[in-house]
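The values are calculated or read from the model by the stated rules, or taken from the named source; none is laboratory data. Remember, predicted model here, so these are calculated numbers, not experimental data. All Cβ positions, glycine included, derive from the backbone under ideal geometry; neighbour counts span all protein chains shown.
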Amino acid sequence: MIPFFAFDPAIRKIIYTTNAIESLNRVIRKSIKTRGSFPTDDAATKLIYLAIRNFEKDGRNVREWFAARNQFAIMFEERFNA
């Protein structure tokens, strides 16, 4: 637990926030469920791609990500491409 508190508060918020991930999974499940079956794997891939793209356009993203991204870039400069 102690290493968790060594991170900046913005990074801690991103680590324990799963609502954005759960929301995206709900959108993907809903789009697949309403469609039913797919003629090809490409059709399913395109539908998932479009669902993710519409999800991103709605602006439902984690607002704190930008602050956390900057902290990650400082802490893990050699592994993080901003």
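Mind listing whichever residues of the stretch 33-58 are under 17 Å from GLU22 (Cβ atoms) and among the β-branched types (Val, Ile, Thr)?
ILE48, ILE52
Please go through (1) modelled with pLDDT under 80; (2) out of contact with any Ser or Thr (no Cβ under 7 Å at 6 or more places or on another chain) for VAL62 and return the number of the only condition it doesn't satisfy.
In the conditions (1) modelled with pLDDT under 80; (2) out of contact with any Ser or Thr (no Cβ under 7 Å at 6 or more places or on another chain), VAL62 misses (2) alone.
Of everything in the stretch 38-59 that's at pLDDT below 75 and assigned to a loop (DSSP other than H, G, I, E, B), which residue is farthest from VAL27 (Cα to Cα)?
By that ranking, first place goes to GLY59.
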